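Participant: Take a look at this one; I'll ask things after.
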Amino acid sequence: MPARRVAAVSAATAVSVLGVLPAGTAHARTGDTTATGKAGAAVLRTDLSVSLLNKTVTAPLVTSLNEVKAPQTASKTALSATVAGVNGDRPFSVLRADVATARAVTEKSRSEGYSNLVNAKVNVPGLLAVPLLTVEQVTSKAVCAAGKKPTADSNVLGTVSVLGKKVTLTAGASTKVDVPSLGQVTLDLSRTSTTSRTAAATALSLKVSVNPLKLNVSEVEGQVTLAHATCEAPVAPAKEEEPEVVNQTKPEPKPEHLAETGGSSATPYLVAGGAVLLAAGGGAVILARRRRATGTRGDA
């Protein structure tokens, strides 16, 4: 009975300890909300200063054609750009084209800007008979995808003429066109740039200085840009990490000098107690035998 009681008490104690052990705590991290990308495009931009009559009258010629911006998808296809105030009371046509498309698109994982011009002519005040620039086709495209390297491409297809003169352009280099009695134009072909999240492309960029016959009747100076596209990538969502389980309980100290048979630190005491009980039992048996022997002799 005592041994059974000890075993029952030990089992009850083990169950109680297991019952009060705290459960592990789980920590999970959630990714950031995806940020929307951006995109933009324009088939024409001008930033010109027009001086008339020996600079007694100066007017800005600042305009754009089919300029679009997104987070929302947008596109425009107007074929001409007309401004007022630089040609007396009459409107002035800066650009005409057979095709003029600008598109800006943003999606969850990517953004894109795109522009395209086909058979385009660019005019400036003072050059009535000769266009500043004629091109067969120019395109620009910028693509930015989340988590990927952005790309930017520009192409000039077919012939390009400046102040009535056909020119040969080199990608990434500047070309200067000097036409006596008309003026000077510097062109940059296919300018592109990228960063870790953005991209920009411009098919043609012109630095203009025009003074027909040097009469100071109409001087035009400034910048003209054809087929421009930009983009900015959405922020890639952070990857969710696996839940990390943290056990807040301290491990119990490992018993020292454990026997391979599963003994504990109390084993020596139990053995010694057993030995004492065994010796006492043996002594009691011997004493009882002696008493019986003595009783038998007395009776005889």
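Please treat every number below as a calculation from the coordinates, not as lab data. A quick note: this is a predicted structure, and the numbers were derived from the prediction, not measured. Cβ atoms come from the backbone with ideal geometry, glycine included; neighbour counts cover every protein chain shown.
Participant: For the stretch 154-168, what are the residues that are in contact (Cβ under 8 Å) with a residue 12 or more places away in the chain and either surrounded by fewer than 16 Cβ atoms within 10 Å (Cβ to Cβ) or in contact with a His (Cβ under 7 Å, 6 or more places away or on another chain) (or both)?
Facilitator: At the first step, the residues of the stretch 154-168 found to be in contact (Cβ under 8 Å) with a residue 12 or more places away in the chain are 154-165, 167.
Result: LEU157, GLY158, THR159, GLY164, LYS165.
Participant: Same structure, new question: Criterion first (surrounded by 22 or more Cβ atoms within 10 Å (Cβ to Cβ) and farther than 30 Å from PRO60 by Cβ) does THR106 satisfy it?
Facilitator: So THR106 fits the description; yes.
Participant: Are any residues in the stretch 68-81 surrounded by 15 or more Cβ atoms within 10 Å (Cβ to Cβ) and not in a loop (DSSP other than H, G, I, E, B), and if so, which ones?
Facilitator: Those that are surrounded by 15 or more Cβ atoms within 10 Å (Cβ to Cβ) and not in a loop (DSSP other than H, G, I, E, B): VAL68, LYS69, ALA70, ALA74, LYS76, ALA81.
Participant: In addition: SER154 versus (1) more than 24 Å from the chain's Cα centre (by Cα); (2) closer than 19 Å to LYS207 by Cβ: which is the lone unmet condition?
Facilitator: Of the numbered conditions (1) more than 24 Å from the chain's Cα centre (by Cα); (2) closer than 19 Å to LYS207 by Cβ, the odd one out for SER154 is (1).
Participant: LYS166 fails exactly one of the following numbered conditions: (1) closer than 26 Å to ARG103 by Cβ; (2) basic (Lys, Arg); (3) over 38 Å from the mean Cα position of the chain (by Cα). What is the number of that condition?
Facilitator: Every listed condition holds for LYS166 apart from (1).
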